[in-house]
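The values are calculated or read from the model by the stated rules, or taken from the named source; none is laboratory data. The shown structure was predicted, so the numbers you read here are calculated from the model rather than taken from an experiment. A quick note on method: Cβ atoms are made from the backbone with ideal geometry, for glycine too, and the neighbour counts reach across all protein chains shown.
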Amino acid sequence: MMEFIESKTWIEWLLTIAKLALAFIPVLFILLLIPMERRGAGFIQDRQGPNRSYIKIPFFGKIRAFGWIQNCCDGLKLFFKELYEPKNVHKVLFSLAPAIPFGLTLLTPCVLPYFASLNFTFGDTVVHIPAANVDTDIGILLMFGLSSLSVFGTVLSGWASKSKFPLLGALRATATSISYEVCLGLSMMGMVLLAGTFNVEGIVSWQENHVWGIFVQPVAFFCFLLSAIAETGRPPFDVSEGDPELVAGYHLEYGAMQFGMFYMGEYGHVGINSILMATLFLGGYSIPFMTTADVQANFGGVLAALFGICAFLALAFLHMVYRWLREFNKGKASNKDEINKEYLLYKIIAWVAVPVFIALAIASGLFLHPEATMVNGAPVYGIGTALGTAAVQFLVLMVKTVFFCWVWIWVRWTLPRFRYDQIMHLGWKILLNIALLNLVVTAVIAKLVMGGN
Amino acid sequence: MSNHYNMPHLPTAKSPRVTIEVDGQNVEVPGDTNLLEALKAVGIETPHVCYHPYLPVSGNCRQCLVETEGPRGKALIISCFTPVKEGMKISTPRSSERVKNARAAVSEFMLLNHPLDCPICDKAGECTLQENYVEAGKDTSRLFPEVGKNYHGNPDHQFYDTKGQLRGGKRVDIGPRIFLDEERCVQCDRCVRFMRDVAGDEQLQLALRADKTYITTFPGRKLDHEYDLCVTDVCPTGAMTAKYFRFQQRVWMLSRTATISMDDSLGANIWLDHNNGYIWRVMPRCNPEVNRTWISNTSRLAFQQFTKDRLPVGNLDALKKALEGEGKIAFVLGGSATNEDAAALKTLVNKLGNRAEVFVGTFAPVGTPDGLSKSGDPVANRAGFALFGFTQTAEDLAKRASEFKTLVSLSADLWGSDASKAKALEVISDRISISAKNDETAKKSSTVYGVNHWSEVSGTMVNVNSILQKLNAAPTSPDAELAPLFSVLFALAGEDVTSAAIAFKKAGEFAPKLAKLSFDAIHSTGELLDGDAAV
Amino acid sequence: MVRVVKHKEMNLIERLYIFEAFRGLYTTIKHFLRGFFRYETLPTTGYPEVKPYIPRDYRAKHRMMVRPDGSPRCVACFMCASACPAHCIFIEAAQSADGRIEKKASRFEIDHSVCIFCGLCVEACPVDALRMDTCETSFVHPKRKDFIVNLTDLTSWNPKDYPDDPQSQVAPGGTQNKQALEVWGEVKC
């Protein structure tokens, strides 16, 4: 036992355990996805979206935070609602079913790297910590294996509900999910083939060193995108809960937090698939045109650029706030004082943030020059630089992921729902063939161009 | 008045038939009446304002004009004052433009200075002027707006309104129960004729002449008579309005229930006008054989007490228990009880056997007939009770009070009618009151049980002239739990009867005269019972 | 009559769906970007704070016109109550103190939770006492009985809110009130 503990230094243990927290990242996407979905839908439909929930704080009054308070309200509502179950349900399975997709949301991302492996000098030793919680060579297979399990939650909920609509919904969801996982796997195989590894970090570092996957595998990217949307069972592929036919599909009989679990599972799934897509096709955590080594070498410059962007965004935010307030104050609203006070808080925050960001940018640009130690011909930096790099990479990954999350929502509020047979037709007769063809062509070209074995 | 008026002779079933020509067609009409009634008998309504079938004909309104063809050519005549003759040639507006124009002109002339008060006039909806005007079809005014309406009546009551028009005579307090609106008056003098020739007390007069005419009382006098509210009925306009009904309801909101006033043995036919579960007014219902179109103020205003001081529903088991045991029971059946109540009581008495005796009425004195709507006897259904053999009166009971152990007063207010005479009954120890009202007798009783008032029950009564008349239930009961007296009595006798029609059938078992009739077939103006001649 | 509408045949591009889907995506992103970056140009308004424009002839909450002396114009003729298809107007009449006016309403209540805002009462009113031009459309009350407005509520409007209406200016506080009172004259009992 002691031997096992002493096999790593304390900093290694600390970071390895701290990394476990990364499992919650997809779940935390719910915080982003709910307001994004609601207000995004609103804007797409020329509405304002839900923006009226607020918390009251002294002096500034009602803080609505652009609709983000809505999350708390929804969450609290679901949390404090009474759990109930219909009369004839299978009680054990009925209660177990919602936990499966939610639990898998925590498990699935264990192989995903949110940043490059940490490699730093700590005292005399060189510490290497893999980015993913489970650093394995079959990473992506493991991930697909786990994520396929969420079908159990669906099918169990449908069956345990002892009701027709949930059962039909569960069957449809299962069929859709399984069909599209085939395409998902096949379309991803091109990237695996090019990178020559199932290890996700390996695929990312291949992209880092060569080119983003979307440029070499555009067809695969497209197939993957469609399959991923279909696999999560979101519109336009949400026949499983097609409201006009099945009311709400497999979670029809669920209420309160049991429904909330399905909901979180679904959004978590969206988050995971977005991260995966960003990782496989948009270079993951890598900053364009820079390898991890480049970032570390020019860490000060990168930070300066980052803070500069932040300052720019804060200024843009301020511009939007002022412009909107000007228009608002021209109107006849009766709550002008209230709104102006609330926005005063945002203005203060942004006005404080702008100089802070600028100062940070200048400071990091001028004064941050990390020292490197050469180990085996490669420069290795200290723990500060390593963690800083990880944070920047994490941020970059998140930006890419949020873009894909937005694609989910964008597609949902644009395209009408497909018919069930159309989904099957699309999955088995079109996407699968395209993915297969793409794989073959990729294999041939890879053999010819890259000359692999 | 120097004029001599004749009462119109109304057609009856025995009237001789004559043939006259109306609008070119020969029709057979009653021969001993006036033209207006004759035309009405064949279904031709003639508009009229001053004519009233039970008032002397005055013929002053000229609204009932028809055209006749005589030796001197065609002429307009008033149909109300022209007797029917064999072979008359009559033209109505259907065939004669002249009649139509004349009637429209009369209507227009009559409304010349009549205020446009219809929205606030209590008569609106049942106003003769409105009906005539609509029938005349003149829907545009030819009055110059700058001239406007002008009031020429009593100079003391004149004023200029906010539009600068001469108005006046609104709200003249002509008597304790009536307001007069001189402006609305069309000087038909129906009210004057009613007071003089029907009420027999000439309290109203037409003053001044021509368009300055107005109705008034003698100086220093008021319109105050037992029948004075009838002038509001005969008034064709809203000039005479009863204070009790003034502004209470609009007439089109009221529903009417035909029933009998059960406070007098003549059994005046009345309408109960109700809305929202309340009676708002009582109107006379025309019955030529009984009260014609008159009812007394007492009968008319009695409704104000109907829902006051009511007894709540009691405990039927307690009643049953009170009737058990030994000792004689005296039932006192109130005058407002129906034949059905009497039949129910008969059933109960038969069941109780020798222990029970029935007395009718209270100690209220019997008066004399006034010739209009009152016979003077406060026991309304005395003739009906006699059919069941209930003839002993409350006085008889007072003499023999010591024989009885239990007194059951059924809607009979013994103490309320004459407390000194009722004192003799206080020797009876157990006193039960089954009544609608929480009256003096109920307060003296140990057991009380609430029932429906007579205005809320269906049933029959026999009036002093042996006419069987039907009461209908107005939906004005203050408590839905209340039941009619007969169903309570039947329940005490162990039978379940809630319908008046079934109770009437049971009454036929005790009173053979009633057995020939069916409850539903009783005519609204009553049925003369066989073997009795109408007085 | 039957009108046959022929559907346009879809061409190959359209039948492929994918390009049409991208066109749809383009449309929606346009709207999204407008909402996100030009929030103030959204056609919707924050309702309770920003009131929509309501024209005068919109059938909104009732009000009772008043005479120059401030008494309600209502003569309790029951025309509105008779015309009301929802039976939501309750009137009790009484003798008016002013001798020139016979009748007045001692109680005039409209139950707005029953009212269907058809405007028949306004049409029926012979003295232009009842109007529905308040532009008040929001009826939010915690209790059912709060929806019943009485005579005081109905007459408590401000002539300044109806600057274009001469009839409203006759009311106390209006610009025409003084002249109107002179014409109206003394109250005769």
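Tell me the strands (runs of 3 or more DSSP E) entirely within segment B:1-83 that contain at least 1 residues that are of a type in the set (S, T, Y). Spell out how you get there, then give the answer.
Values: elements: B:17-22, B:25-30, B:65-70, B:73-78.
Result: B:17-22, B:65-70.
If you go through segment C:138-170, how many residues are in contact (Cβ under 8 Å) with a residue 60 or more places away in the chain, farther than 17 Å from C:A180 by Cβ and part of a helix (DSSP H, G or I)?
2
Condition check ((1) among the aliphatic types (A, V, I, L, M); (2) surrounded by 13 or more Cβ atoms within 10 Å (Cβ to Cβ)) across all residues:
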position: A:C73; (1), (2): no, yes
position: A:S95; (1), (2): no, yes
position: A:V127; (1), (2): yes, yes
position: A:A132; (1), (2): yes, yes
position: A:D137; (1), (2): no, no
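Hey, could you check segment A:323-374 for residues that are exposed (fewer than 15 other Cβ atoms within 10 Å of the Cβ) and small (G, A, S) and say which is farthest from the other protein chains (Cβ to nearest Cβ)?
A:A363
Matching residues to (1) over 30 Å from A:P166 (Cα atoms); (2) away from chain C (no Cβ under 14 Å); (3) hydroxyl-bearing (S, T, Y):
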| site | (1), (2), (3) |
| --- | --- |
| A:G40 | no, no, no |
| A:I55 | yes, yes, no |
| A:Q70 | no, yes, no |
| A:A97 | no, yes, no |
| A:L107 | no, yes, no |
| A:D124 | yes, yes, no |
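When the residues of segment B:250-270 are narrowed to those that are under 30 Å from C:F108 (Cβ atoms) and away from chain C (no Cβ under 12 Å), which ends up surrounded by the fewest Cβ atoms within 10 Å (Cβ to Cβ)? So that I can check it myself, show each step before the final result.
Step one: list which residues in segment B:250-270 are under 30 Å from C:F108 (Cβ atoms), which gives B:250-257.
Cutting the leftovers down to away from chain C (no Cβ under 12 Å) gives us B:255-257.
On the way: B:S255: 12, B:R256: 15, B:T257: 19.
Within segment B:250-270, the match that is surrounded by the fewest Cβ atoms within 10 Å (Cβ to Cβ) is B:S255.
Looking at segment A:397-415, which of the residues that are among the β-branched types (V, I, T) and within 12 Å of the chain's Cα centre (by Cα) is nearest to the other protein chains (Cβ to nearest Cβ)?
Filtering first and then ranking leaves A:V407.
Tell me, yes or no, whether segment C:42-53 has at least one residue that is under 26 Å from the mean Cα position of the chain (by Cα), more than 30 Å from C:I148 (Cα to Cα), facing chain A (nearest Cβ under 10 Å) and surrounded by 13 or more Cβ atoms within 10 Å (Cβ to Cβ). Reasoning before the result, please.
Of the residues in segment C:42-53, the ones under 26 Å from the mean Cα position of the chain (by Cα) are C:43-53.
Next, only the ones that are more than 30 Å from C:I148 (Cα to Cα) stay: C:43-44.
Subsequent filtering for residues that are facing chain A (nearest Cβ under 10 Å) retains C:43-44.
Filter once more, keeping what is surrounded by 13 or more Cβ atoms within 10 Å (Cβ to Cβ): C:44.
Yes, there is a match, as at least one residue in segment C:42-53 is under 26 Å from the mean Cα position of the chain (by Cα), more than 30 Å from C:I148 (Cα to Cα), facing chain A (nearest Cβ under 10 Å) and surrounded by 13 or more Cβ atoms within 10 Å (Cβ to Cβ).
So which of B:D309, B:D396 is out of contact with any helix residue (DSSP H, G or I) (no Cβ under 8 Å at 6 or more places or on another chain) and either over 18 Å from B:V451 (Cα atoms) or small (G, A, S) (or both)?
B:D396
For segment C:67-83: of the residues being in a loop (DSSP other than H, G, I, E, B) and more than 11 Å from chain B (Cβ to nearest Cβ), which is surrounded by the fewest Cβ atoms within 10 Å (Cβ to Cβ)?
Ranking the qualifying residues of segment C:67-83, first place goes to C:G70.
Could you check segment B:424-475 for strands (runs of 3 or more DSSP E) lying wholly inside it with 3 or more residues that are at pLDDT 90 or above and crowded, with 24+ Cβ neighbours inside 10 Å?
Details: elements: B:430-435, B:447-450, B:459-462, B:467-471.
Passing ranges, in order: B:430-435, B:459-462, B:467-471.
Looking at A:I423, is it surrounded by fewer than 19 Cβ atoms within 10 Å (Cβ to Cβ) and aliphatic (A, V, I, L, M)?
Answer is no for this residue.
Under 7 Å between Cβ atoms, which residue pairs at least 6 apart in sequence (or on different chains) link something in segment A:391-416 that is outside the structural domain of A:N119 (by TED's automatic domain parsing) with a partner that is outside any helix (DSSP H, G or I) and of a type in the set (A, V, I, L, M)?
A:Q393/A:A116; A:V396/A:I287; A:K400/A:L282
Looking only at segment C:85-112, how many residues end up being within 12 Å of chain B (Cβ to nearest Cβ), part of a strand (DSSP E or B) and under 18 Å from C:A171 (Cβ atoms)?
2
Quick check on segment C:54-66. Is at least one of its residues exposed (fewer than 15 other Cβ atoms within 10 Å of the Cβ) and within 14 Å of chain A (Cβ to nearest Cβ)?
Yes: segment C:54-66 contains one or more residues that are exposed (fewer than 15 other Cβ atoms within 10 Å of the Cβ) and within 14 Å of chain A (Cβ to nearest Cβ).
Go through (1) within 12 Å of another protein chain (Cβ to nearest Cβ); (2) of a type in the set (F, W, Y); (3) buried (at least 20 other Cβ atoms within 10 Å of the Cβ) one by one and return the number of the condition C:Y39 breaks.
Going through the list (1) within 12 Å of another protein chain (Cβ to nearest Cβ); (2) of a type in the set (F, W, Y); (3) buried (at least 20 other Cβ atoms within 10 Å of the Cβ), C:Y39 breaks only (3).
Which condition breaks for C:L25 when tested against (1) closer than 30 Å to B:L166 by Cα; (2) within 12 Å of another protein chain (Cβ to nearest Cβ); (3) out of contact with any Cys (no Cβ under 7 Å at 6 or more places or on another chain); (4) crowded, with 16+ Cβ neighbours inside 10 Å?
(1)
Please tell me if B:P115 is under 19 Å from B:P236 (Cβ atoms) and in contact with an Asp or Glu (Cβ under 9 Å, 6 or more places away or on another chain).
Judged against the criteria, B:P115 is a match.
Looking only at residues that are within 13 Å of chain C (Cβ to nearest Cβ) and among the charged types (D, E, K, R) in segment B:107-125, which one is surrounded by the fewest Cβ atoms within 10 Å (Cβ to Cβ)?
Checked segment B:107-125; the qualifying residue surrounded by the fewest Cβ atoms within 10 Å (Cβ to Cβ) is B:D117.
Can C:F117 be described as out of contact with any Cys (no Cβ under 8 Å at 6 or more places or on another chain), surrounded by fewer than 19 Cβ atoms within 10 Å (Cβ to Cβ), of a type in the set (F, W, Y) and closer than 14 Å to C:R63 by Cβ?
Yes, satisfied.
Taking A:P101 as the residue in question, decide whether it is within 30 Å of A:M188 (Cβ to Cβ) and either in a helix (DSSP H, G or I) or in contact (Cβ under 8 Å) with a residue 12 or more places away in the chain (or both).
On the way: within 30 Å of A:M188 (Cβ to Cβ): yes; either in a helix (DSSP H, G or I) or in contact (Cβ under 8 Å) with a residue 12 or more places away in the chain (or both): yes.
Considered against the rule, which asks whether it is within 30 Å of A:M188 (Cβ to Cβ) and either in a helix (DSSP H, G or I) or in contact (Cβ under 8 Å) with a residue 12 or more places away in the chain (or both), A:P101 comes out as yes.
Please go through (1) buried (at least 18 other Cβ atoms within 10 Å of the Cβ); (2) under 26 Å from A:K8 (Cβ atoms); (3) under 19 Å from the mean Cα position of the chain (by Cα) for A:S147 and return the number of the only condition it doesn't satisfy.
Result: A:S147 passes all but (2).
Okay, residues lined up against (1) more than 30 Å from B:D211 (Cβ to Cβ); (2) crowded, with 17+ Cβ neighbours inside 10 Å; (3) in contact (Cβ under 8 Å) with a residue 40 or more places away in the chain:
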{"position": "B:T12", "(1), (2), (3)": "yes, no, no"}
{"position": "B:V42", "(1), (2), (3)": "yes, no, no"}
{"position": "B:P47", "(1), (2), (3)": "no, yes, yes"}
{"position": "B:Q63", "(1), (2), (3)": "no, yes, yes"}
{"position": "B:T68", "(1), (2), (3)": "no, yes, no"}
{"position": "B:E86", "(1), (2), (3)": "yes, no, yes"}
{"position": "B:N101", "(1), (2), (3)": "no, no, no"}
{"position": "B:A105", "(1), (2), (3)": "no, no, no"}
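Restricting attention to segment A:285-319, and to residues there that are aromatic (F, W, Y) and not in a loop (DSSP other than H, G, I, E, B), which single residue is surrounded by the fewest Cβ atoms within 10 Å (Cβ to Cβ)?
The qualifying residue surrounded by the fewest Cβ atoms within 10 Å (Cβ to Cβ) is A:F312.
So if I check each of C:C125, C:C115, which one is touching a residue at least 12 places away in the same chain (Cβ under 8 Å) and within 14 Å of chain B (Cβ to nearest Cβ)? Let's see the steps before the verdict.
Values: C:C115 fails: within 14 Å of chain B (Cβ to nearest Cβ).
When all the criteria are applied, what remains is C:C125.
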